[in-house]
Amino acid sequence: MSTLKISNLSKTYANGVKALDDVSLELENGMFGLLGPNGAGKSSLMRTLATLQEADSGSASLDDIDILKQPADLRKVLGYLPQEFGVYPRITAEQLLNHIAVLKGITNPKERKLLVRYLLDKVNLFDKRNKSVKGFSGGMKQRVGIAQALIGNPKLIIVDEPTAGLDPGERNRFYNLLADVGKEVIVILSTHIVDDVRELCTKMAIMNFGEIVYQGSPQSAIDNLGGKVFQKIVERDQLNDYAADYKIISNKMVGGQPLIHVYSEDHPQNGFEQVTPNLEDVFFSKINTANVLV
């Protein structure tokens, strides 16, 4: 069992943007979801943990490795799938993984070949091992990305926005693969897609403007909203009026009209109906409504 401890990490870029604002988390083996809108600071946190950038202050450790002071040691036990996984398009999947295995220090050719073939089988690409990666679908490229992240028996795997651009079938296959991987190591799933976290993670955090605004289990957050979420279809020109009178969590178009979800301790009447909250309500309540901190 490994433990990742993040304490008071802060990072401000040269342009004045505070990407990380006193971030603290503690994670153990399993799937951990880091949920937040684009620009929340998720990728900045992932890059810091992956030793691709330095923090201004704070600390981070994986077991006895000081991530900020011992980046070379961390990289030996890290698997990383960035948001844009670049591949060499003209080589095969087997050649690509073989090359990355060499870079990760697996020098024995026989051992390397067995490992690469094992990983290709694990991500269900063994029969495509001699195909050029250039012709792979987005989902297949992501599976190659997970395979390379597994090289070297990592203790920590970071996947940054892994399902963006995947069709529903590819996303489900990717979910199953990640769930399998997450049984034995720490996997941080950084995403703005609520379904990713709902499907995969028993523990999560929500990030906004560089801060952790919620940390706990998805179900606990949903339970805390129980009996406090109400919905109503309104006219588009009424939105500002409703925003002035109610704590609107979210609104989306249904049949050409806005369907609003509001947070209220008591039934707001006025044509609203109570709904069973879901993780999307939790997410929007944390990032859209400053007064709703359940």
Fraction in percent of alpha-carbon pairs per bin - 5 Å, region 90-142
4, 22, 31, 24, 14, 4, 0
Roughly how many Å² of Thr51 are accessible to a 1.4 Å probe, to the nearest 10?
20 Å²
What is region 50-183's relative contact order, in percent, from Cα pairs under 8 angstrom and six or more apart in sequence?
31 percent
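Just subtract the alpha-carbon distance of Val102 and Asn270 from 0.36 nm times their residue separation and send over the number in nm, one decimal. List each step's numbers first, then the result.
Working: separation 168, 0.36 × 168 = 60.48 nm, distance 6.58 nm.
Net length gain for the segment: 53.9 nm.
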Can you list which of the GluC sites (Glu not before Pro) found in region 25-104 are DSSP loop residues with at most 11 other C-beta atoms within 10 Å?
Glu54, Glu84
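Over all alpha-carbon pairs in the chain, figure out the percentage whose distance exceeds 27 Å.
Values: 20720 of 43071 pairs.
Within the chain, distances greater than 27 Å cover 48 percent of Cα pairs.
222 nm [θ] for the chain, helices only, -39500 (n - 2.57) per DSSP H run of 4+, per residue, to 500? Mind showing how you got there, number by number?
On the way: 10 runs with 97 residues, N = 294.
Helix contribution divided over all residues of the chain: -9500 deg cm²/dmol.
Explain nothing, just the number: relative contact order of the chain, from Cα pairs under 8 Å at least 6 residues apart, as a whole percent. Write down the numbers at each step before the final one.
Values: 556 pairs, mean separation 61.9, N = 294.
This gives 21 percent for the chain.
Percent of accessible area on region 47-156 owned by carbon and sulfur, 1.4 Å probe? It would help to have the intermediate numbers written out before the result.
Details: 2970 of 6000 Å².
Within region 47-156, the accessible surface is 49 percent carbon and sulfur.
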Can you give the translational diffusion coefficient of region 82-227 in µm²/s, computed by Stokes-Einstein from the Kirkwood radius over Cα pairs at 10 °C and 1.306 mPa s?
96 µm²/s
Helix axis angle, 168-181 relative to the chain longest principal axis, alpha carbon, degrees:
60 degrees
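Stokes-Einstein at 25 °C, 0.890 mPa s, Kirkwood radius from Cα pairs: D for region 174-294 in µm² s⁻¹? Present the calculation step by step, with values, prior to reporting the outcome.
Working: Rh = 15.7 Å.
Reported coefficient: 156 µm²/s.
Tally Lys and Arg at +1 and Asp and Glu at -1 over the other residues with C-beta under 10 Å from the C-beta of Ala101: what net charge comes out?
Details: positive: Lys104, Arg112, Lys113; negative: Glu111.
Net charge in that neighbourhood comes out at +2.
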At R0 = 35 Å the Cβ-Cβ FRET efficiency linking Asp22 and Asn278, nearest 0.05, sits at 0.75
At most 12 other Cβ atoms within 10 Å and a DSSP loop assignment: could you name the trypsin sites (Lys or Arg not before Pro) in region 233-294 that fit?
none
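Counting Lys +1, Arg +1, Asp -1, Glu -1, what net charge surrounds Ser57 among other residues with beta carbon under 13 Å of its beta carbon? Present the calculation step by step, with values, prior to reporting the outcome.
Values: positive: Lys11, Lys18; negative: Asp21, Asp22, Glu54, Asp56.
It works out to a net charge of -2.
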Would you mind telling me which residue in Val229, Val254, Val194 has the biggest mean-square fluctuation in a Gaussian network model of the chain, where springs connect alpha carbons within a distance under 10 angstrom?
Val254
Cα-Cα P(r), region 1-101, percent of pairs per 5 Å interval:
2, 10, 20, 21, 18, 12, 9, 5, 1
For Leu52 and Asn224, calculate 0.36 nm times their separation in residues minus their Cα-Cα distance, and state this gained length in nm to one decimal.
58.2 nm
What whole-number distance in Å separates the alpha-carbon centres of region 31-87 and region 194-225?
19 Å
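What FRET efficiency comes out for Phe126 versus Asn172 if R0 is 25 angstrom and r is the Cβ-Cβ distance? Round to the nearest 0.05.
On the way: r = 20 Å, r/R0 = 0.79.
Here the calculated transfer efficiency is 0.80.
By how many nm would the segment from Asp195 to Arg90 grow when fully extended, if each residue of separation counts as 0.36 nm and the alpha-carbon distance is taken off? Present the calculation step by step, with values, prior to reporting the outcome.
Working: separation 105, 0.36 × 105 = 37.80 nm, distance 3.35 nm.
Between Asp195 and Arg90, full extension yields an extra 34.4 nm.
The values are calculated or read from the model by the stated rules, or taken from the named source; none is laboratory data. The model shown is predicted, which means the values in this text are computed figures rather than measured ones. Counting neighbours? That spans all protein chains shown, and the Cβs are built from the backbone with ideal geometry, glycine included. Ligands, DNA and RNA are excluded from the accessible area calculation, which covers all protein heavy atoms including side chains. Shrake-Rupley method; radii C 1.70, N 1.55, O 1.52, S 1.80 Å.
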